[in-house]
Amino acid sequence: MKFRVVMAQLESTSDKQVNYEKAVSAVREAACGHFAQMVVFPEIFMSFFPAHTPKHIIVDDAETLQGPFVTGMRKLAAEYGVWLIFGMKELVDEHKADRVYNTVVIVDSGGSIAGSYRKTHLYDAFGLKESDTIMPGDRLFEPIQTPFGKLGLFVCYELRFPEIARYQAAQGAEIIIVPSGWVRGPMKERHWSHLITVRALENTVFMIACNQVSDFYSGQSLVADPMGVLMAAGPENEALIACELDLSRIASVRSKLPSYEQRRPELYSSLI
């Protein structure tokens, strides 16, 4: 089975309305110009605030899954008949919480929420501390069945934790979506491309990693196939990156490279 995906590699701003209007333009072009059936946006696409922004500004900006941003994206998905995957800052239920969730929402082509995931492994690395403003989720994403195959999901920094991708594959994921805000820095772009390729290859799945782009984020969104072949790559600026995936490639690769089936977890499961 084949399907077409577009990665909307866009720069998010602190203005949610501006970002929503960018999404409208991107989805229109993706659906009408590229015949996309799925459009993937970056991590925290709903709104971006630079490091050291006061917590109350971030909390005040956050919304629920029933809020206006998600509602607008749901209407957009239904209007164009495409699946949308995008990041947002979700309000925490706790009374007077001073942090928010870094959440990814999956909306189906009818405009219904098909799934959501709160980032569990936070970017407290390379001199930044995401946990200052973000509350970690408490469970991994459970892959969902879609018209395009079984879909797994995790977010950005979680590329550095192979257990997360392996869990998705163990639950039957054939395609893993990785909305990201990969920060620029020495060796960071190299890490980005290597980790995406390795996660695809070691689990023999497709990886779709859509990154934010700005002076802070590196762009260069990627699609890797189950053999670790890079199928599509984005530039360093805003772009829509289209790619056609053929799910029969998974069975073809696994017939030659059955490494997942050859695991011996009894030898190393206790090491986790």
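The values are calculated or read from the model by the stated rules, or taken from the named source; none is laboratory data. Computed from a prediction, not measured in an experiment: that's the story for all the values here. Here Cβ is always computed from backbone atoms with ideal geometry, including for glycine, and neighbour counts include all displayed protein chains. In case anyone asks, the SASA skips ligands and DNA or RNA and just uses the protein heavy atoms, side chains included. Shrake-Rupley method; radii C 1.70, N 1.55, O 1.52, S 1.80 Å.
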Test for Tyr157: is it under 21 Å from Gly115 (Cα atoms), of a type outside the set (D, E, K, R) and over 15 Å from the mean Cα position of the chain (by Cα): no
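Quick one: is Leu195 modelled with pLDDT of 95 or more, open to solvent by 10 Å² or more (accessible area, probe 1.4 Å), under 17 Å from the mean Cα position of the chain (by Cα) and not charged (D, E, K, R)?
On the way: modelled with pLDDT of 95 or more: yes; open to solvent by 10 Å² or more (accessible area, probe 1.4 Å): yes; under 17 Å from the mean Cα position of the chain (by Cα): yes; not charged (D, E, K, R): yes.
Answer is yes for this residue.
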Please indicate, with yes or no, whether at least one residue in segment 225-235 is under 21 Å from Phe45 (Cα atoms) and buried (at least 23 other Cβ atoms within 10 Å of the Cβ). no
Would you say Thr13 is open to solvent by 10 Å² or more (accessible area, probe 1.4 Å), among the β-branched types (Val, Ile, Thr) and closer than 28 Å to Ser218 by Cβ? yes
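Residue by residue, here is whether (1) among the polar types (S, T, N, Q); (2) open to solvent by 10 Å² or more (accessible area, probe 1.4 Å) holds:
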position: Leu140; (1), (2): no, yes
position: Thr146; (1), (2): yes, yes
position: Leu153; (1), (2): no, no
position: Leu159; (1), (2): no, no
position: Glu163; (1), (2): no, yes
position: Arg166; (1), (2): no, yes
position: Ala173; (1), (2): no, no
Within segment 144-164, does at least one residue satisfy the condition of being in contact (Cβ under 8 Å) with a residue 24 or more places away in the chain, within 26 Å of Glu202 (Cβ to Cβ), hydroxyl-bearing (Ser, Thr, Tyr) and assigned to a helix (DSSP H, G or I)? yes
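Among Arg74, Arg4, which is the only one that is within 22 Å of Asp225 (Cα to Cα) and open to solvent by 10 Å² or more (accessible area, probe 1.4 Å)? So that I can check it myself, show each step before the final result.
Working: Arg74 fails: within 22 Å of Asp225 (Cα to Cα).
On inspection, the qualifying residue turns out to be Arg4.
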Residues satisfying the stated conditions in segment 95-114, i.e. of a type outside the set (Lys, Arg), without any contact (Cβ under 8 Å) to a residue 40 or more places away in the chain and open to solvent by 20 Å² or more (accessible area, probe 1.4 Å): His95, Ala97, Tyr101, Asp108, Gly110, Ser112, Ala114
Per the filter on segment 205-220, residues in contact with a Ser or Thr (Cβ under 8 Å, 6 or more places away or on another chain), assigned to a loop (DSSP other than H, G, I, E, B) and either crowded, with 24+ Cβ neighbours inside 10 Å or of a type in the set (D, E, K, R) (or both) are Gln212
Take segment 122-137 and flag every residue that is of a type outside the set (A, V, I, L, M, F, W, C), open to solvent by 50 Å² or more (accessible area, probe 1.4 Å) and touching a Lys or Arg at 6+ places or on another chain (Cβ under 8 Å). Asp132, Pro136
Of the residues Val82, Val39, which single one is touching a helix residue (DSSP H, G or I) at 6+ places or on another chain (Cβ under 8 Å) and farther than 18 Å from Glu11 by Cα? Val82
Within segment 249-261, residues being within 14 Å of Arg166 (Cα to Cα) and not acidic (Asp, Glu) number 2
Considering only segment 236-255, how many residues are in contact (Cβ under 8 Å) with a residue 24 or more places away in the chain and part of a loop (DSSP other than H, G, I, E, B)? 3
